[in-house]
Amino acid sequence: MRALILSASFTSRRRGLAALAWAALAAWGAPAALAQGGAAGGQTQPIRLVVGYAAGGPVDASARLFAPALAKELGQPVVVENRPGAGGAMGGDTVAKAAPNGLLLFFAASPTMTISPHILKSMAFDPAKDLSAIAPILSYSNVLVINKDQPFKTLPELVAYARANPGKLAYGSAGMGASNHLSGELFALRAGIKLTHVPYKGNAPAMTDVIGGQLSMMFDIIGSARNYISGQRVRPLAVTSRERNASLPEVPTMTESGIADYEVGGWYGLYGPARMAPESVTRLNEATRRALAQDELKAKLIEQGYDLWTGPPSALAERAARELALWGTVAKGVQVD
């Protein structure tokens with residue numbers, strides 16, 4: 001009987017110590033091993049996928065398509081969390097300051113990583129130093145669209161008109177320093193023309209004014225512009241990619257239309273805080289590649305005009321560095337609060 005009592009007492013103490021241990025782990029935010037699929041009581045901790053833009057926009061929509069596919073590959077919940085502000089930089093700063101345990105990740109849009117560092121008066125984090133590149137996700141191109149009543153119908157005609165009427169053509173963008181703002185600046189630079197930039201608070205109101213004739217034109221993400229093009233509400237002149245886009249095969253590239261050395265695209269990539277363990281980065285990279293190979297996700301992204309882009313972390317880091325240098329030249333003199 002005494003032996004039974006001692007055994008029961010030992011078991012009780014062991015359970016108490018185990019409970020205290022799990023409580024301590026929870027207080028410290030749990031170790032990386034749990035974040036990578038380990039679990040207490042058979043439950044996994046969710047990964048929070050931060051988007052630096054408001055819900056309903058193209059970045060948010062893509063993240064919400066990607067999150068369940070990634071969760072399926074990881075066997076771990078992935079929850080999208082919107083942290084809009086400063087062109088995505090507020091979301092990036094949140095992740096940069098997080099513990100490098102893989103539980104808080106950044107669904108980054110390229111302007112935050114390659115344009116914002118040049119145009120924000122102050123940026124709370126350094127994208128190249130304070131984040132770990134994990135995996136490319138997709139890339140996209142813009143399309144130049146014009147109001148249907150303009151006196152030109154092709155890109156060469158637009159350039160000729162702009163040269164004869166300096167500053168008369170106005171183009172809209174999602175705001176000062178947005179990728180479609182700088183796409184217009186680069187176009188004007190390469191074509192040797194003068195355009196008037198009109199910043200808006202988002203792509204949608206700018207597109208509304210292109211349709212209404214208050215603006216002559218704008219660059220927009222192909223996925224966002226396709227419905228307006230197919231509905232014949234605007235006229236597409238050229239895509240900004242090196243090759244024609246599969247969802248707009250009849251639209252020539254800027255290069256085909258006579259604008260030399262013009263290739264502009266954006267991308268989305270997966271990042272974590274700096275100093276992530278290499279095995280965590282590898283696991284997330286491999287899961288991302290498998291997620292992008294899922295037929296349902298592939299079909300949805302391609303239908304929206306995106307190109308799937310997979311590769312090692314180095315591919316993401318190298319492209320970000322290359323485009324950071326490009327936009328540094330184009331963005332001279334552009335600065336926002």
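The values are calculated or read from the model by the stated rules, or taken from the named source; none is laboratory data. No experiment lies behind these values; they were computed from the predicted model shown. Reconstructed Cβ throughout: ideal geometry from the backbone, glycine too, with neighbour counts over all protein chains shown. To get the accessible areas, we keep the full protein, side chains included, count just its heavy atoms, and leave off ligands, DNA and RNA. Shrake-Rupley method; radii C 1.70, N 1.55, O 1.52, S 1.80 Å.
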**Asked** Being under 21 Å from GLY88 (Cβ atoms) and at pLDDT 95 or above, is that true of even one residue in region 243-251?
**Response** no
**Asked** Cβ-Cβ below 9 Å, separation at least six or inter-chain, first residue in region 148-165 and closer than 20 Å to THR208 by Cα and touching a residue at least 24 places away in the same chain (Cβ under 8 Å), second of a type in the set (Phe, Trp, Tyr) and in a helix (DSSP H, G or I): which pairs?
**Response** GLN150/TYR161
**Pairs with Cβ under 6 Å, 6+ apart, first in region 310-330 and of a type outside the set (Gly, Ala, Ser), second at pLDDT below 95 and open to solvent by 50 Å² or more (accessible area, probe 1.4 Å)** = TRP327/HIS118; VAL330/GLU185
**Number of the condition not met by LEU215 [criteria: (1) open to solvent by 20 Å² or more (accessible area, probe 1.4 Å); (2) assigned to a loop (DSSP other than H, G, I, E, B); (3) touching a helix residue (DSSP H, G or I) at 6+ places or on another chain (Cβ under 7 Å); (4) touching a residue at least 60 places away in the same chain (Cβ under 8 Å)]** = (1)
**Fill in**
Condition set of a type in the set (Gly, Ala, Ser) and in contact with a Ser or Thr (Cβ under 9 Å, 6 or more places away or on another chain), scope region 122-161, selection nearest to PRO273 (Cα to Cα): answer is SER132
**Item:** For ARG319: the one exception among (1) touching a strand residue (DSSP E or B) at 6+ places or on another chain (Cβ under 9 Å); (2) buried (at least 16 other Cβ atoms within 10 Å of the Cβ); (3) modelled with pLDDT under 90; (4) part of a helix (DSSP H, G or I)
**Value:** (3)
**Asked** Restricting attention to region 190-211, which residues are under 14 Å from ASN147 (Cα atoms), surrounded by fewer than 17 Cβ atoms within 10 Å (Cβ to Cβ) and either among the hydrophobic types (A, V, I, L, M, F, W, C) or touching a residue at least 60 places away in the same chain (Cβ under 8 Å) (or both)?
**Response** ILE211
